[in-house]
1. Pairs under 6 Å by beta carbon, first residue at positive phi in the range A:251-274, partner part of a helix (DSSP H, G or I), six or more apart or different chains?
2. Based on this model, can you work out whether residue A:21 counts as closer than 20 Å to residue A:168 by Cα, surrounded by 19 or more Cβ atoms within 10 Å (Cβ to Cβ), at pLDDT 90 or above and over 14 Å from the mean Cα position of the chain (by Cα)?
3. Sort out which residues of the range A:226-244 are assigned to a helix (DSSP H, G or I) and in contact with a helix residue (DSSP H, G or I) (Cβ under 6 Å, 6 or more places away or on another chain), and write them in order of number.
4. Quick one: residue A:268 ticks every box in (1) modelled with pLDDT under 90; (2) within 18 Å of the chain's Cα centre (by Cα); (3) under 30 Å from residue A:182 (Cα atoms) except a single one, so which number is it?
5. Look through B:215, B:169 and report the one residue that is over 30 Å from residue B:22 (Cα atoms) and under 14 Å from the mean Cα position of the chain (by Cα).
6. Go through B:53, B:29 for me and flag whichever is crowded, with 22+ Cβ neighbours inside 10 Å and over 15 Å from residue B:181 (Cα atoms).
7. For the range A:76-94, what are the residues that are in a helix (DSSP H, G or I) and surrounded by fewer than 20 Cβ atoms within 10 Å (Cβ to Cβ)?
C-alpha cells in the first residue's frame, strides 16, 4: 500500500516534468516561443540540476553548505577545458557526454577530497568552511594560467548555444532527477535521512555516518559539476567570478524556497527563480528590490498555515483518493 | 545457583572506568550478564548509569577496563562497529527518526543485513527489488510483534508516546543484537503503561531469546522483572546480586533515602 503511494508521487513528478519538457519543445519548434524564452531554457535546466543536487545535502542529509557553486565551477572548468582540447577530434555526440562525465567526476573527486576533512564539522561550522572552499576555488582559478585567469575561457564549443540543442539539457535534468530520487528511496537514502533526523541514534544502530555523508556529498558534487559543464557549453565562456558565493546562495534560495527535502519543490522553485528576474526586467532599476519582495512574499505565503491547509486539501494523495472514490461509486 | 558455570557470559565488563577531566564518572565497574538474563542497573541521579551505557556502546572511550561481548573484545571500538556487532540500545529521551515513516525507522536498522550496493540502488537492478521486498516483509513482521503494523506508514513523530518507546525497541531489535540496552524505558509512563511495558520486555526476552540490561528508576518495574541488579552510586558499584537481596541491602536504602 505504502509503496503504491510513493510510486505515485514519484511517477507524477516524472510525468509533469516530461509534460513541461514536451510543451517547451512544442513552443520552441512551432516558433511561438520568443528568443528570450528560448535562451532561458538551458539556464533553467542548470538551476534545476544544481537545486536537486544541493537538496540532497541540505534537505536529506541535513547539512548546510554554502560552496555548491565551487563544485559547479570545478566541473565547468574541467569539462570545458577538455571540450576545447577535444574539439574537432571527435563528433559532438561523443564529445559532449564524455566531457560532461569528466566534469562531473572531477567535481566528485573534489567533493571527496574536501568532504573527508570538512564533514567532521557540523552546522554553522560546516557552512562557513564550505563558503571558504567556494571562495578559495574561485581565487585559485582566477590565478592559474591554464584556466585563463581573470579573462576566463572564451572558446568553449557552443554546442548548446542560446538554447539550440536544449534537448540535451532536458535529458540531463531527467538523469539527475532519476538518480537523486532513486538514491533517496533506497537503503542508502534512508541511512542519509536517518543521519539528518538523529545522528546519535543512527550511529547506535550501526550506520556509518562518515561514509553516508561522503556519499551524499560526492553525488551532489558530481551533478553540480555536470551542471557546470552544461552551463559552460551554453554561454560559450567561463568567468570564475560567475561562481562566487552569490551563486551558491542563489542555489540555496531555490532549495529553501522549494522546501528542504522536497524534490518536486526544488524543480518548481528553480523555475520561479530563473524566470522571475527576467519577468521583472520591466522594473529596470528596481528589479532587485522587487525580486527580494517577491521572494519574501512567496516564502511567507508558502509557509502560512492557510496555505498549508490549502495544499493539504489539494494534495496529490487526496485528489487520487477522490478520483478513486468516484470511480468506485460509479461501479456500484 | 542454577546458572551454568562453564558458559561464557554474554556481557562481561572488567574494571571499567572513565574520567572527565578531574571527575571520575565511573570507577572500577564490573558486571557479568548471562545469556538470556534480564539485568537491572539502578542508582540515584548522577550515579553514572547512562555513562556506563555510553561506554558500552562506544560513545565514550573508557580510560580503564575491558568490555567483552560474547567473548569478543569491544573496548575502544566505534559506536557504528558496536551497533553492527551485537549491542543495540534505546535512549532515555526517545531518539527516533521523526520525519521518517514507522516502517522506515525499522528498515534503517536492517542496513547492513541487506548489502545491495549504491549502484544497484541507483540503477534499480533486480537485487534492489528483491532485498527491498524482503526488508518490507521483515520490517512488517517486527512491527506486528509490537502491534505497530497498522501505523507502519505514519510518521514516527505522530505516534503516541508509548508506541514511540515500542518503536525504539523495535528498531534496536532490527539490528539483530546479542544484547539489548534499555535506558529508562518507563520514564514518563503512567502505571498502566508501565505494566504493559513490563509485559513487552518479558515478551521480547522470550520471543527473541534476548539478553537485556536496563536502567530504571521505577522500583516496581525493577523488582517485577529484573533477576539481577547492580546498584551504582557516585560512579562505583554499591551492591550487586539477586534483586530481592540487593533491594534489602542497607547501603542501597541509605543511598536512595539518605541516613
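The values are calculated or read from the model by the stated rules, or taken from the named source; none is laboratory data. What you see is a predicted model; the values in this text were computed from it and never measured. Reconstructed Cβ throughout: ideal geometry from the backbone, glycine too, with neighbour counts over all protein chains shown.
1. Close Cβ pairs (under 6 Å, with a partner that is part of a helix (DSSP H, G or I)) amount to A:259/A:265; A:261/A:59; A:261/A:60.
2. yes
3. Selection gives A:226, A:227, A:228, A:229, A:230, A:231, A:232, A:234, A:240, A:243.
4. (1)
5. Of the residues listed, the single one that is over 30 Å from residue B:22 (Cα atoms) and under 14 Å from the mean Cα position of the chain (by Cα) is B:169.
6. On inspection, the qualifying residue turns out to be B:29.
7. Scanning the range A:76-94 gives A:82, A:84, A:85, A:86, A:92, A:93, A:94.
So that you can scan it fast, the table gives a plain yes or no per residue for (1) at pLDDT 95 or above; (2) surrounded by fewer than 20 Cβ atoms within 10 Å (Cβ to Cβ):
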{"site": "A:141", "(1), (2)": "no, no"}
{"site": "A:150", "(1), (2)": "no, yes"}
{"site": "A:161", "(1), (2)": "no, yes"}
{"site": "A:169", "(1), (2)": "no, no"}
{"site": "A:175", "(1), (2)": "yes, yes"}
{"site": "A:203", "(1), (2)": "no, no"}
{"site": "A:244", "(1), (2)": "no, yes"}
